[in-house]
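Report on the following structure.
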Amino acid sequence: MTRSHPAFAEAPVNPSLFDVSVLDAVDWLRAQPTESIDLLVTDPAYESLEKHRAIGTTTRLKHSKASSNNWFSVFPNSRFPELFAEAFRVLKRNTHFYLFCDAETMFVAKPEAERAGFRFWKPLVWDKKTIGMGYHYRARYEFILFFEKGKRRLNDLGTPDVISVPRIHRGYPAEKPPAVSEILIQQSSSPGDVVADPFMGSGSVGVAALKTGRRFCGTDLNPEAVQLTASRLREFGDGHTTRDLPDLQSPLLEFSDSQL
């Protein structure tokens, strides 16, 4: 079990299960030691969301009932090169990287990740089982781009490339079901490994990591999202969080369904 990650560098005999903070994703990755992370699974608030919001086909960026701030600061396509360069650096040799995205963003992200050094294997499909809003064939799926650094064998070669898990209803905006990330984590890591998510939102990747016996580190720009993540992860054991996080005075999970 690695001790090179700063979240666990001074860990006691029973190390912390998680480390979460409030930082920009790229800045957070830059602070991590080279080759310190075993698996990266993440879902940036990609630029095309602004277009979907403008034409009314997604509720992902709506204002919350508890705050006047948007839950997401959109991550522009122009920052993908620095994101992927840092992701490649912090991942250990012979590891995997999964990126949730839509059909439009896929064509931007894939070549940039390849330029950073990743090998692209294929897009996986998350089948949400129910359709969302839209005008041209209403969306029922989302892509998960599957990248590799070096060469690593999947743990179960019989797993299909379509992952059928119902979408989250009435949850945090654009929240992914932990069951989706559980499959990716079980395929591409081992118990005790460090799984990272630099756009962690309400922490579904962290929940999946701890549930499957891994450890988790991540960040998000929204302090209340980090607080929510920390509260979910503490159900599995002790961890470290940024100090001075806001108290959750009202539920964060009273949202409309994400319809993209």
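Observations on the structure shown:
- Here the peptides 214-226, 74-86, 27-39 are ranked by packing, the mean other Cβ count within 10 Å, and the order with the highest first is 214-226, 27-39, 74-86.
- Point-to-point label distance, residue 138-residue 153, nm (Cα→Cβ direction, 7 Å offset): 4.4 nm
- Extension gain, residue 93 back to residue 131 (0.36 nm per residue minus Cα-Cα distance, nm): 9.8 nm
- Label-to-label distance, residue 211 versus residue 120, with points set 7 angstrom from Cα along the beta-carbon direction: 3.0 nm.
- Of the cross-linked pairs 129/211; 128/211; 129/149; 110/149, those separated by over 25 Å at the C-alpha level are 129/149.
- Tensor-based shape of segment 90-159 (alpha-carbon gyration tensor, a/c under 1.5 rounded, otherwise prolate or oblate): oblate
- Under the Debye formula (equal points on every Cα, no solvent term), log10 I(q)/I(0) of segment 18-241 at q = 0.17 Å⁻¹: -1.33
- Going by neighbour counts of Cβ atoms within 10 Å, the residues 240, 96, 136 line up, fewest first, as 136, 240, 96.
- For chymotrypsin sites (Phe, Trp or Tyr not before Pro), the sites in segment 111-161 that DSSP calls loop and that have at most 11 other Cβ atoms within 10 Å are 135, 137.
Coordinate-derived values only; no laboratory data. Values in this document were obtained by computation on a predicted structure and should not be read as measured data. We place every Cβ from the backbone using ideal geometry, glycine too, and count neighbours over all the protein chains shown.
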